[in-house]
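Step one of this worksheet: look at the structure below.
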Amino acid sequence: MASQKRIAKELADCTTHAPAGMSIALATDSDVHKWHVTLDGPAESIYSGGKFGLVVTLPPEYPFKAPVVTFATRIYHPNVTNDNVGSICLGLLKAENWKPASKLLSVLQAVRLLLVEPQPDDPLESRIADEYRRDRAEFDKNARAYVQRYAKGPVKFDGTNVGADAGAAGGSGKRSTG
Amino acid sequence: MPPLNAPEEGVPAAGLASWQQDNSSTSYASYAPNMLSELPELGPLPETPTSSPPAPGPLLSPPASFMRTTRPRRFSNISISSVAATVGSETQSACVGSTRDLTGRSPVLLINYQELQYESEVDKSLECPICRTPFHAPITTKPCGHTFCSECLLRAHQLRPVCPIDRRPLDVERDFCKARVIHDQLDRLRVKCPSQGCGHVCARELLAVHYERYCEYTPVLCPDNSCDLWIARQDAAPDKGCLHKYTPCQYCSKQVMKAGLEEHYDRECSGNTVKCAQCDSSVVQHRMENHVANDCPSTVVLCKWNKYGCGKSAPRHDVQAHEKKPCIYQAIGRLAQDREDDRLIISELKVRLSAAEGRLRVAEQEKTERRERKRRQAGNTNNTMPPFVPDLNLSNSPRAAASYNNGTLDSPEDYMLAQFERMETQMEDLRKNIHELDGLHSMRLLNDTMRLNEQIAELGSKVGVIGMHTTWLMNVQRQSRGQQRAGGVVGSPLSSLASSSGGPGTTNSATGSVTNAARNAPDNEGGRYYNSSLPLRRNSDGRGENPPRL
């Protein structure tokens, strides 16, 4: 009903005015509630050269509830959980901040911007955030290593190219609720 | 990652419920009946074959009834979203559910305004920022001036009582108001009927009526009471029974719903095609007749100009080529066709003209009749001045009532008009009479008073004369008395009288002698003094008047 039409419009919007380096497709043709977005690491960031898969899941109550955006490809980033879930901490998508009038295009742009400019003050992985703040060189090295390891080659959205060594990261214990 | 919990906080349940009721009465109820009332004319309901025909009742039924849709309904052709809305389930059902009449049977599926197809591209500014479709029953927020569909805004408000755009806190009672201008603008948008198979396009405000009353394709509840499914109105005849029972296809072994049989033949069924005997193409069996009559290229047909003399008769594809060449009879054929068209138009115009003339004649007849009646009535009232009794009551005017009953007047209105005109003429006559009477009265009054006035003036003058005489006499008396007191000094009265008659400038003594003489003289002598017209004056008195004549 309502959401179908809106989602169709959002999809058209996003595909015609896609942010740089993004391509959007439906996970399955029959279901408009799950999108697969391929994002080329922005050239101005340390993630350049990598190809990241994003899964955008729209809840049935969309647009009244916020969409869920996760990284299908593992990424070394203070605002993305370093596991095979790949949750993103994005202010726009928090339940208390979500507005039904927000557009998915702006969500995707925000995700891209997050790669260019991590937000260590509002982290999901506090260890990576600390590293980002204190030892940028080490962070850059680790991030590039993750890109080399996970973000090369064709993007897979089924989670097979993530989580090869889930323990490498700090683990969920250090995760803040940012 | 924070969990996506539904923020239910901040919406007091009672307040929300009251809004929903309020909303239902402000937005839905008032929007829908408005649409109805704006229609110029609603003809009688089409004969709907449903067992419970959708009377206007359900249309105008209180919207609370469709807010309370309980039984979920399913219709194969209509994409009812399977959104199991945990939040705002009431509003959800309000748009997916159905209207219901009192018996609980719902005649038609409600229109989902967000799914409507618009004939032309709708301006982006008329789209709700939440559902991204043209507003339906728009509401504007008072503090920030943002507009949303009522349904979208209410649902968003249910989650969090703030504006969905700038997060300004909003209060349902205070901060929402209907956006009438936008609503009117939206009502004029042209939309396609949402029923499958119906190509009707109309203004959005008229859609509800078309859809709920006239559209033959509107999904209505299956006439079978035990069946919960929807079926197009044209198929919902009680004698057809429930078309949702599965029957085996007559060509293949598949079980197919009766309602979907045609579609099955067209799309799925493989065993129903047969080869055309003439053109080798395979055609759906029950469309064969149609194929032979219209499509089959091998069937022998006549040239389309055969009426005008072309005798060509060949398989269809040959004839088509022949017609394209073109057929030599085409020119004359076209001419003849044009003439036929013209003749049709002319005859139609003739019919209209005669109808118009008839109407004109009737109107003129009525006019003359009315004039005649008026004149007759005017004559009646002039001849016999009606008594001053207001006969407003029908029973009080036996003449008019009789004429009405006798059929000289066609209708109660005419009768009342005649009555009214009669009253008017009566009033006019009365007014004239009153004027006459008025004039008469004033004339009579004037005549009477004039005589009286004259008499009064005469009397007044007489009184004045009498008064003067009295004073004159009294003066004479006073003077003679004074002379008597000084009697020795004065000479004989007769000599003094003689001397005084010499001129007007007589002295006091002279006049004194006169008055003396007058006093001495008897009464009849006084008359002599009057008639003698002697100017007798007394300078000391200052009165230079003669005694007036009577």
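The values are calculated or read from the model by the stated rules, or taken from the named source; none is laboratory data. All of these numbers come straight from a predicted model, not from anything done at the bench. Backbone-built Cβ (ideal geometry, glycine too); neighbour counts: all protein chains shown. For the accessible areas, the whole protein counts, side chains as well, though only heavy atoms, and no ligand, DNA or RNA atoms are used. Shrake-Rupley method; radii C 1.70, N 1.55, O 1.52, S 1.80 Å.
Per residue of A:97-108, what is the mean number of Cβ atoms on other protein chains within 10 angstrom of that residue's Cβ?
Details: counts 1, 5, 10, 14, 12, 4, 2, 0, 0, 0, 0, 0.
Per residue, the average neighbour count from other chains is 4.
Translational D (Stokes-Einstein, µm²/s) of the range B:194-240 at 4 °C and 1.567 mPa s when Rh comes from the Kirkwood sum over C-alpha pairs?
So the translational diffusion coefficient is about 114 µm²/s.
For the range B:184-262, what ratio Rg/Rh do Cα atoms give with a Kirkwood hydrodynamic radius?
On the way: Rg = 15.9 Å, Rh = 14.2 Å.
For the range B:184-262, the value is 1.12.
Which percent of the Cα-Cα distances in the range A:100-141 go past 11 Å?
Every Cα pair in the range A:100-141 considered, those over 11 Å come to 69 percent.
What residue among A:Y132, A:V32, A:S45 has its Cα farthest toward the positive end of the dipole of the range A:2-152, where the charges are +1 on Lys, Arg and -1 on Asp, Glu, each on the Cβ?
Among A:Y132, A:V32, A:S45, the one farthest towards the positive end of the dipole of the range A:2-152 is A:V32.
Within a 10 angstrom radius of each residue's Cβ in B:110-120, how many Cβ atoms of other chains show up on average? Whole number is fine.
The mean count of partner-chain Cβ atoms within 10 Å per residue comes to 1.
Assuming R0 = 45 Å, what is the FRET efficiency of B:S347 and B:R190, from their Cβ-Cβ distance, to the nearest 0.05? Don't skip to the answer; put the middle values down first.
Values: r = 34 Å, r/R0 = 0.77.
In this case the efficiency is close to 0.85.
Order of B:296-307, A:68-79 by packing, highest average Cβ count within 10 Å first? Present the calculation step by step, with values, prior to reporting the outcome.
Details: B:296-307: 17.2, A:68-79: 24.5.
Listed from highest to lowest mean packing, they are A:68-79, B:296-307.
Give me the percent of the accessible area of the range A:2-152 that comes from carbon and sulfur atoms, probe 1.4 Å, all protein chains in place.
The C+S portion of the solvent-accessible surface of the range A:2-152 is 49 percent.
Pairs of lysines 8 or more apart, or on different chains, with alpha carbons under 18 Å: count those in the range A:2-152, would you?
17
Taking the Cα centre of the range A:2-152 as origin and charging only Cβ (+1 Lys, Arg; -1 Asp, Glu), how large is the dipole, in debye to the nearest 20? Before the final figure, lay out each step's value.
On the way: 19 positive and 18 negative charges, 52 e Å.
Its charge dipole is roughly 240 debye.
For chains A and B, what's the summed buried accessible area, probe 1.4 Å, to the nearest 100 square angstrom?
Chain pair A/B: roughly 2700 Å² of buried accessible area.
What average number of partner chain Cβ atoms lie no more than 10 Å from the Cβ of the residues making up B:123-130? Mind showing how you got there, number by number?
Numbers: counts 0, 0, 0, 0, 2, 4, 7, 9.
Whole-number average of other-chain Cβ neighbours for B:123-130 is 3.
I'd like to check one number: the per residue accessible area of the range A:2-152, probe 1.4 Å, reported in Å² as a whole number.
39 Å²
Taking 8 Å as the Cα distance limit and 6 or more residues as the minimum spacing, I'd like the relative contact order of chain A as a percentage.
23 percent
Give me the distance between the Cα centres of the range A:15-57 and the range B:288-303, rounded to whole Å.
55 Å
With Kirkwood's inverse mean 1/r over C-alpha pairs for Rh, give me the Rg to Rh ratio of the range A:2-152, two decimals please. Kindly include the intermediate steps, with their values, before the conclusion.
Numbers: Rg = 15.3 Å, Rh = 15.7 Å.
The Rg/Rh ratio comes out at 0.97.
From the helices alone, meaning DSSP H stretches of at least four residues, give me the mean residue ellipticity at 222 nm for chain A, per-run term -39500 (n - 2.57), in deg cm²/dmol to the nearest 500.
-9500 deg cm²/dmol
How large is the Rg to Rh ratio of the range B:137-271 when both quantities use alpha carbon positions and Rh follows Kirkwood?
Expressed as Rg/Rh, it is 1.19.
Going highest first, how would you order B:109-119, B:430-440 by mean Cβ packing within 10 Å?
Descending mean neighbour count gives B:109-119, B:430-440.
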